[in-house]
1. Once label points are set 7 Å from the Cα along Cα→Cβ at both ALA227 and HIS248, what is their separation, rounded to one decimal in nm?
2. Hey, what number do you get for the chain at 222 nm if only DSSP H runs of n ≥ 4 count, each worth -39500 (n - 2.57), divided across all residues, to the nearest 500?
3. Taking the square root of 5 times each eigenvalue of the Cα gyration tensor, what semi-axes in Å does the equivalent ellipsoid of the chain have, largest first?
4. Evaluate the relative contact order of segment 46-98 (contact order divided by residue number), counting alpha-carbon pairs under 8 angstrom at least 6 apart; express in whole percent.
5. For the chain, what does the relative contact order come out to in percent, with C-alpha contacts under 8 Å and a separation of six or more?
6. Using alpha-carbon pairs under 8 Å, 6+ residues apart, how would you state the relative contact order of segment 166-262 in percent?
7. Counting only Cα, what are the radius of gyration and maximum Cα-Cα distance Dmax of segment 166-262, in Å?
8. What order do you get for 6-19, 196-209 when each peptide is scored by the mean count of other beta carbon atoms within 10 Å, highest first?
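Any read-out appearing in this document is the output of simple, stated calculations on the displayed coordinates, not a laboratory observation. Just so you know, these numbers come straight off a predicted model, no measurement behind them. Counting neighbours? That spans all protein chains shown, and the Cβs are built from the backbone with ideal geometry, glycine included.
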Amino acid sequence: MSTWTDVVLGVAGRRGGRSAVTDARTGEVLAYDMLVKRLERAAAGLRDRGLAHGDPVLVHLPPGRDYPLAVHAAAVAGGLVTPLEADMDLELFYERLSSSGARMMITDEDLARRSTSAVGDSRIRQIFTFGEVPGMTPFGDLDGPPCPPAGGAAVTFNGVHVLSHDQVVAELRRLTTVLPLRERDVVLVAATESHEQSAIFDLALMAGAHVVTAPGASVAECRELIARHHVTVTAVPPRVAPHLPGEHHRLAVHGHLMEVVLRTPPA
């Protein structure tokens, strides 16, 4: 069976410069071809810096332009992807950091202060950041000799239950039958739970859709983004979903529920 990243991004390079992810906060866009090129380089760089097959890699990022890049770079490098929500309670964050046994973390400049304060109580020795942070390595500097994608352990969302590449792929293929996305879809991601982020990004990118990210957006912000970007599918926190027009669904994702609102697709 194919690896997680093979299934999600196996044909992404052929989509060329089409928009893959747009960050609503900054307007920055990551194209499909650049997503593949950058994650391959970063995966090689993680291996070159000592990541061994099965080593946990913490991904502490909001659902933004850089999220799928970090997740799939770690997966291709053979790491056990361990996402931590950007708004995770501080005490729980420290506990997960220490119990993970991870030596590497990928974060951004906004969250780097929290990461730095917790490093002393963990095994973290290398932190890679999106953005320039003193004492940390820019994610963009990661590079190295090509490495073949690895199977086996893929991801853990709670630090306890580990999913293999085969299990993640099986779940994604099941989800495509209940949420069949298309290339013309525009998917707004405001959900912040790690399992939700991972699933909706993967489903959208598998389909070649355009993801617009707005972590923690309010009801008014979601409505404005839906109109501006002609959004057809929205993944939002439970507090926001009831206030958005459209066809409401609750999808089971890795044993958790995700709120999705479907709108009439553009002509």
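1. So the two model labels end up 2.2 nm from each other.
2. Values: 8 runs with 90 residues, N = 267.
Taking each H run of at least 4 residues, the total per residue is -10500 deg cm²/dmol.
3. Numbers: eigenvalues 155, 82, 64 Å².
Working from the Cα gyration tensor, I get semi-axes of 28, 20, 18 Å.
4. Details: 55 pairs, mean separation 22.3, N = 53.
About 42 percent, as a whole number.
5. On the way: 542 pairs, mean separation 52.4, N = 267.
Relative contact order here is 20 percent.
6. On the way: 150 pairs, mean separation 28.0, N = 97.
Relative contact order of segment 166-262: 29 percent.
7. 12.3, 39
8. Working: 6-19: 16.2, 196-209: 23.9.
Highest-to-lowest ranking by the protection proxy: 196-209, 6-19.
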